[in-house]
Amino acid sequence: MKEKIKIASGQGFWGDLIDAPYHQVTKGDIDYLVMDYLAEVTMSILQKQKNKNPELGYAKDIPELMKRILPIIKDKNIKVITNGGGVNPVACANAVLQAAKNLGIKNLKIGVVLGDNIKDNLDELILEGAELKNMESNEPIELVKDKILSANVYFGAFPIVEALEKGADIIITGRTTDTGLTLAPMIYEFGWKNTDYNLLSAGTVAGHILECGAQSSGGNFLGDWQSIPNMAEIGFPVAEAYPNGDVIITKHPNTGGRISFETVAEQLLYEIGDPKSYITPDCIADFTSIKLQDMGNDKVKVYDVKGFPETQFYKVSCSYADGFSAVSSLTYSWPQALTKAKAADEILRKRLANLNLQFDEIRTEFVGYNSTHGPLAKELDEDEINEIVLRIGVRSHDYSSVERFGKEIAPLILTGPPSVTGFAGGRPKPSEVVAYWPALIDKKFVKPIITIMEL
Amino acid sequence: MRKIKLIEIAHGRSGDKGDAANVGIIAYDDNGYKIIEKYLTAEKVKKHFEGICFGKVERFELPNLRALNFLLHNTLGGGGTVSLKHDAQGKTLAAALLRMELEFENNNPEI
């Protein structure tokens, strides 16, 4: 057994710093590079891409990135784990194999985790007794079944562990929990069992710290953010994991950012609910048991994590089409910028009403005044306001209403209050609203499938 | 009465969980945690977010991190991709909570 392993976070979301994974494999020694590409909305986008072209449906950044880092990871024996396979992990693996071939690389094993995508067998599963009712509202799935764009089960760490056991150098999955990507190599390297709940929870907590990239190393830090050094070259977090579940969060030397009690604590609180019950397919971690020790020099020790047995369910995330929306904006300058923006909003709303259009919601916000803190925004002395952006959005199940809204914005420039600009992007087009249907499914209904594709 | 601006004793981070926002507030030191643990109640947070949070507010304690976690239900205009809000994911709500001024009797020798 290895005495310790180093797991590096390479992406916090699809669209994160493109060079981050490259820096993680070059600026220091690591054993694993883990990359989370999937937000909830990503799955529906990928499913739409795959519907148009069966060769797509995965994070297209991956083959590009692998072309750049494959020689390095082969040389340094770094394994890569990512959920960027989206709704088409096989196509993603093929693209990576092609990239490897072009580089003249031999002996590459890619582990592919499938079975999470249940979109095409929903009817079957429902017949077998999987209810898939909305876990928040308790409504039956039949309400949205015909409008479903994507449906994926969240797998945990163990399918990845199986791929590692089969000798995979790179593992590409579909919908896997962000935390599972980091936990898996710990289970594999240290021989943790699926009943070692404290250890599984320790790895899960490390995964939560890594899953949003630099959000734990000084990015988006609400404490003394101006004291964070060299954010331009911010180092992404690295978890140094030990067999007893202790983890030291750090980052490569000579990189920007900071790892401290404060930066790690902020990330631990990100997007959590009841901290005593952080539920994953692998375990339930108790975030109130986590101990943090700031060791200085960008090292924070995370230890003493406690956890409980997993539930018998996987979480399912379905996305479905739920109407259309459009958002547009106009910028008003001093004098009376806010008054002008408010007047323009009133004029627009009157015109929309006169047209008898159907909207589920019309929302107006004044950027520069109240778009983030709403009623908490401080009253402003109008003379002190240099400019205000009027931001207005509509949502409707009637496409033509949303389309017509888009045609009513630009006219405000010549038919409304003065000193207005900022309408350069053309008429806003209606975009499809994608809504979410979170559900639970008994684990007996779905089985992960692990295959190895190799060169 | 003693008045303390929350931003002087705590920092935090917020994000989305469906149509709910989570707002984590972390005290800079143990004394600060004693203050927020005692005086930053779910009721006060609910009132603070009047006109923003239209559901209940749940409060959870993490003394190990000197932190409280609040779940603000029915807050993000439908959540994620449905919401028309500029801040559809509630990313700025931790800062919004730090605007709060806590007022309390200064008769607690521990604080």
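The values are calculated or read from the model by the stated rules, or taken from the named source; none is laboratory data. Here the structure is a predicted model, which means the values were calculated and not measured. Glycine gets a Cβ as well: all are built from the backbone with ideal geometry, and neighbour counts include every protein chain shown. For accessibility, only protein heavy atoms count, side chains too; no ligands or nucleic acids. Shrake-Rupley method; radii C 1.70, N 1.55, O 1.52, S 1.80 Å.
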Test: residue in region A:353-375 that is open to solvent by 40 Å² or more (accessible area, probe 1.4 Å), modelled with pLDDT under 95 and either more than 17 Å from B:Arg99 (Cβ to Cβ) or not in a strand (DSSP E or B) (or both): no
Looking at A:Leu412, A:Leu440, A:Leu380, A:Leu390, which is the one that is more than 14 Å from chain B (Cβ to nearest Cβ), over 28 Å from the mean Cα position of the chain (by Cα) and touching a residue at least 60 places away in the same chain (Cβ under 8 Å)? A:Leu412
Those helices (runs of 4 or more DSSP H) completely within region A:1-105 that have 3 or more residues that are at pLDDT below 95 and over 28 Å from A:Ala241 (Cα atoms) are A:40-52
Filter result for the condition that a residue is more than 18 Å from A:Asp286 (Cβ to Cβ) and either in contact with a helix residue (DSSP H, G or I) (Cβ under 9 Å, 6 or more places away or on another chain) or in a helix (DSSP H, G or I) (or both), over A:Leu200, A:Leu181: A:Leu181
If you go through A:Asn88, A:Asn53, the only one that is among the polar types (S, T, N, Q), more than 21 Å from the chain's Cα centre (by Cα) and away from chain B (no Cβ under 14 Å) is A:Asn53
Name the single residue, out of those in region A:233-273 being open to solvent by less than 10 Å² (accessible area, probe 1.4 Å), farther than 12 Å from A:Ser217 by Cα and assigned to a strand (DSSP E or B), that is farthest from the other protein chains (Cβ to nearest Cβ). A:Ala241
Select from region A:99-113 the residues that are surrounded by fewer than 19 Cβ atoms within 10 Å (Cβ to Cβ) and under 30 Å from A:Ser317 (Cβ atoms) and list them in ascending order. A:Lys109
What are the pairs with Cβ atoms under 9 angstrom where one residue, in region B:89-101, is within 13 Å of A:Pro375 (Cβ to Cβ) and the other, located anywhere, is assigned to a helix (DSSP H, G or I)? Sequence gap at least six, or different chains. B:Ala96/A:Gly374; B:Ala96/A:Leu376; B:Ala96/B:His48; B:Arg99/A:Leu376; B:Arg99/B:Leu6; B:Arg99/B:Ile7; B:Arg99/B:His48
Quick one: A:Asn194 ticks every box in (1) open to solvent by 10 Å² or more (accessible area, probe 1.4 Å); (2) part of a helix (DSSP H, G or I) bar one, so which box is it? (2)
Any chance you could count how many residues in region A:197-220 are in contact with an Asp or Glu (Cβ under 6 Å, 6 or more places away or on another chain) and open to solvent by 10 Å² or more (accessible area, probe 1.4 Å)? 1
Scanning for something within 30 Å of A:Ala337 (Cα to Cα), hydroxyl-bearing (Ser, Thr, Tyr) and part of a strand (DSSP E or B), does region A:436-451 turn up at least one residue? no
When residues of region A:291-312 are filtered for being out of contact with any strand residue (DSSP E or B) (no Cβ under 6 Å at 6 or more places or on another chain) and of a type in the set (Val, Ile, Thr), how many remain? 2
Give me a count of the residues in region A:274-293 that are open to solvent by 70 Å² or more (accessible area, probe 1.4 Å) and away from chain B (no Cβ under 11 Å). 2
Of all residues in region A:294-335 being acidic (Asp, Glu) and open to solvent by 60 Å² or more (accessible area, probe 1.4 Å), which is farthest from A:Thr204 (Cα to Cα)? A:Asp294
Search result, residues across region A:127-176 that are free of Cβ contacts under 8 Å to residues at least 24 places away in the same chain, closer than 25 Å to B:Thr81 by Cβ and assigned to a helix (DSSP H, G or I): A:Glu142, A:Leu143, A:Lys145, A:Asp146
